[in-house]
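Mind looking over this structure? Questions follow.
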Amino acid sequence: MSAPRPRSLGVDPATGKEAFVVARPGGFLEALADVYALETAAVLVAVVKAVLEAGEASDVELAALVRPLHAALEECVGMMAVNGEE
């Protein structure tokens, strides 16, 4: 079993600060974090697709997408790993 990791629940619109939680496996907060991660990944995929389809982005602009793509992929793989342990 892997160590619990902080999971984002989103950004508080009033303060602009991101809320994190270390959730109990299978719990309500973990489900909320999963939904937020999947929604975030879906939006990122749409943005990257639009940028690639436009075909006018510079190498620097494309490189700026690598970190958020990696973070989203890592979060999704982490969710799959936790679900595989259950």
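Report, in degrees rounded to the nearest 10, the 0 to 90 angle that the Cα long axis of helix 66-85 makes with the longest principal axis of the chain.
30 degrees
Now for a separate question. Can you give me the long-range amide H partners of G10? Hydrogens built in the peptide plane at 1.01 Å from N, cutoff under 5 Å, separation of 5 or more residues or another chain.
Those qualifying (amide H under 5 Å, at least 5 residues apart or on another chain) are A19.
Here is a follow-up. Which of these values of Rg and Dmax of the Cα atoms in Å was calculated from the structure shown: [x] 15.1, 45; [y] 12.2, 37; [z] 13.5, 48?
The calculated read-out lines up with [x].
What residue among T15, L52, L38 has its Cα farthest toward the positive end of the dipole of region 7-85, where the charges are +1 on Lys, Arg and -1 on Asp, Glu, each on the Cβ?
Looking along the dipole axis, the top candidate is T15.
What are the ³J(HN,Hα) values, in whole Hz, obtained from phi via the Karplus relation 6.51 cos²θ - 1.76 cosθ + 1.60 with θ = phi - 60°, for each residue of region 40-55 in sequence order, with x given for Gly and Pro?
4, 4, 5, 5, 4, 4, 5, 5, 4, 4, 4, 5, 5, 5, 5, x
Just how large is the dipole of the chain about the Cα centre, in debye to the nearest 20, putting +1 at every Lys and Arg Cβ and -1 at every Asp and Glu Cβ?
260 debye
No lab work stands behind these numbers, since they all come straight from the coordinates. Source: prediction; values computed, not measured. In this analysis, Cβ positions are derived from the backbone assuming ideal geometry, glycine residues included, and neighbour counts consider all displayed protein chains.
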